[in-house]
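The values are calculated or read from the model by the stated rules, or taken from the named source; none is laboratory data. Here the structure is a predicted model, which is why all the values come from computation and not from measurement. A quick note on method: Cβ atoms are made from the backbone with ideal geometry, for glycine too, and the neighbour counts reach across all protein chains shown. These area figures cover heavy atoms from the full protein model, side chains too; ligands, DNA and RNA do not enter into them. Shrake-Rupley method; radii C 1.70, N 1.55, O 1.52, S 1.80 Å.
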Amino acid sequence: MHRRPALGPVLGLEASCDESAAAVLDGNGVVLAEAVLSQQEHAAFGGVVPEIAARAHLAHLPGLVRHVMAGAGLAFGDLGGVAATCGPGLIGGLIVGAGIGKGIAMALGAPFVAVNHLEAHALTARLPGLVPGGAPFPYLLLLVSGGHCQCVAVEGVGRYRRLGGTIDDAVGEAFDKVAKMLGLGWPGGPALERLAASGDTARTALPRPMLGRPGCDFSFSGLKTAVAHVIAGFAAGPLPVDAAASIAAAFQAAVAEVMIDRVGNALSLMPEARLLVVAGGVAANQAIRAALAALAQSRGVALAAPPLRLCGDNAVMVAWAGIERLRLGFVDGMDAPPRPRWPLDELAVRP
Ligand code: KG4
Ligand code: ZN
């Protein structure tokens with residue numbers, strides 16, 4: 001039997017958007033300690049303010065690192081590697097996270113992995129214990145978050161093919177914008193889902209952008225505009241709660257219907273996939289999960305959706321991506337740049 005050389009615990013750092021997070025996993029991927037701090041500093045602005053995010057990462061990350069190291073009962077010298085998100089994302093936070101990660105790795109003489117945030121989401125399903133059988137390659141990834149909305153053929157570590165994606169807004173962004181129109185707080189996805197639970201889906205007619213088109217691209221700006229028109233039809237002032245709930249329900253239903261149409265096409269483009277993995281913050285949405293589960297069942301593929309705490313941004317996935325890369329001998333230099341733009345299919349694998 002081929003035995004993998006033992007890898008020491010890996011520290012992961014995430015600071016690409018508005019979650020400051022740190023985690024330590026043992027060399028097999030078992031989570032020893034993790035911490036996520038969702039920055040509250042942005043709520044008043046209705047969106048992430050990059051400069052505030054960078055400063056908050058700088059303020060919070062060192063404490064989070066000390067916290068997870070203590071929680072794992074480890075000294076820094078015990079680490080077998082350090083992995084930090086180096087892109088894509090907001091440049092200020094990436095500089096902070098990458099800088100702290102490189103500093104620790106350099107001080108220890110430990111290997112450093114510059115993690116692509118999208119790859120971290122993509123590989124989460126392979127964390128030990130999540131999917132029976134361990135999510136073998138290849139699989140289809142549906143990545144749905146505030147900044148991303150794409151179908152990706154995952155063929156191996158570092159080997160991705162983008163099959164299609166949004167031509168305008170990301171789906172989480174559409175949830176956030178519609179939630180804002182409905183007077184909900186930010187981020188709006190979870191609040192919109194809660195409101196939709198008491199709404200009547202059939203009360204509001206909304207379009208299904210891209211439905212029935214070939215390929216697996218998405219579009220949400222027309223749907224968002226349609227919601228704005230519906231809201232404009234009401235008298236000025238706050239919407240009646242039942243009307244807001246029904247609009248939320250109709251919007252969510254439209255998104256779910258479009259999503260399974262697009263993902264159904266993506267599955268046809270990747271007939272070798274026996275597994276559909278859904279990742280990113282929007283994967284927390286139960287209506288979307290249920291629609292995808294029905295699609296997967298009808299197409300005879302398994303569906304893997306990471307538990308909610310691993311759907312949103314976190315550092316467990318970053319440490320895990322680091323472990324996957326270190327196992328293959330991929331290490332990055334201290335000159336690995338923070339990259340605000342870093343598409344998955346441009347991810348070079350450097351042995
Ligand atoms: O992956 P994530 O934490 O951050 C990135 O964007 O990378 O995703 C956050 C996005 C936000 O747009 C948020 O509104 C959305 O995921 N989201 C949801 C739900 N929970 C989070 N959207 C719909 N339904 C939810 N339950
Ligand atoms: Zn993310």
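A few points about this structure:
- For the stretch 304-333, filtered to residues that are modelled with pLDDT under 95 and touching a helix residue (DSSP H, G or I) at 6+ places or on another chain (Cβ under 6 Å), the residue that is farthest from ligand 2 (Cβ to nearest atom) is A304.
- Evaluation of V49 against the conditions (1) touching a strand residue (DSSP E or B) at 6+ places or on another chain (Cβ under 9 Å); (2) among the aliphatic types (A, V, I, L, M); (3) within 22 Å of W186 (Cα to Cα) shows that the sole unmet condition is (1).
- In the stretch 226-242, the condition of being under 21 Å from R289 (Cα atoms) and either in contact with an Asp or Glu (Cβ under 9 Å, 6 or more places away or on another chain) or small (G, A, S) (or both) is met by no residue.
- Members of the stretch 298-317 found to be of a type in the set (A, V, I, L, M) and either part of a helix (DSSP H, G or I) or open to solvent by 30 Å² or more (accessible area, probe 1.4 Å) (or both), listed by number: A302, L303, A305, L308, L310, V316, M317
- Within the stretch 268-285, tally of residues that are touching a residue at least 24 places away in the same chain (Cβ under 8 Å), over 18 Å from P187 (Cβ atoms) and open to solvent by 10 Å² or more (accessible area, probe 1.4 Å): 4
- Residue within the stretch 150-167 that is among the acidic types (D, E), more than 18 Å from D313 (Cβ to Cβ) and either at pLDDT below 95 or over 17 Å from the mean Cα position of the chain (by Cα) (or both) present: yes
- Each residue in the stretch 170-204 was checked for being more than 10 Å from ligand 1 (Cβ to nearest atom), among the small types (G, A, S) and in a helix (DSSP H, G or I), and 1 of them qualify.
- Summed over the stretch 4-33, the residues that are within 16 Å of ligand 1 (Cβ to nearest atom), open to solvent by 20 Å² or more (accessible area, probe 1.4 Å) and in contact with a Gly (Cβ under 6 Å, 6 or more places away or on another chain) give a count of 1.
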